[in-house]
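K.L.:
The structure follows.
None of the figures in this text is laboratory data; all of them are computed from the coordinates on show. As the structure is a computational prediction, the values presented were derived from the model and not from experiment. Positions of Cβ are generated from backbone atoms using ideal geometry, with glycine treated the same way; all protein chains shown enter the neighbour counts.
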Amino acid sequence: MPRKKATAGPKGRRKSAAAESQTPVPTPAPAFTPDEQKYVERYPGHRFVAGSLSPPGAETCFGRKRVITILCANCGAERVIATSDIFHCRLCAGCTKAAKKEARKAKAK
Ligand SMILES: [Zn+2]
């Protein structure tokens, strides 16, 4: 009765082949839309949430302004801001307040 031995693998070739075929999967880059990509490039210090830019003309909490979600550079909290405010908004509301307070304190010294 022919019987394959489980340990018959001559040089353990199969194992290494399988390991090689495991190409390292790069962490999928967030899919920014072309419009978002513009902001990403213009504001390299900002962290934007992919897919968060509102479509043009859509009614948002900022009226007809387009909004985008950023991640606070300090605590990572999400904050929805108008695209026209990006240049001066890098932190969430809480951190902005704290930063202002710190700045005032530093000035007072
Ligand atoms: Zn924050």
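K.L.:
What is the local net charge at N74, summed over the other residues whose Cβ is closer than 15 Å to its Cβ (Lys, Arg +1; Asp, Glu -1)?
P.N.:
Values: positive: R47, R79, R90, K97, K100, K101; negative: E78, E102.
Its environment carries a net charge of +4.
K.L.:
In whole Hz, what ³J(HN,Hα) sequence does the range 93-98 give by Karplus (6.51, -1.76, 1.60; θ = phi - 60°), x for Gly and Pro?
P.N.:
After applying 6.51 cos²θ - 1.76 cosθ + 1.60, I find 4, x, 6, 4, 4, 4 Hz.
K.L.:
Could you compute Rg(Cα) / (2.2 N^0.38 Å) for the range 29-108, with N its residue count? Provide the component values of the computation, followed by the final result.
P.N.:
Numbers: Rg = 13.7 Å, N = 80, 2.2 N^0.38 = 11.6 Å.
Relative to the 2.2 N^0.38 Å estimate, the range 29-108 comes out at 1.18.
K.L.:
Evaluate E = 1/(1 + (r/R0)^6) for R104 and K38, where r is the Cβ-Cβ distance and R0 equals 30 Å; express this FRET efficiency to the nearest 0.05.
P.N.:
In this case the efficiency is close to 0.30.
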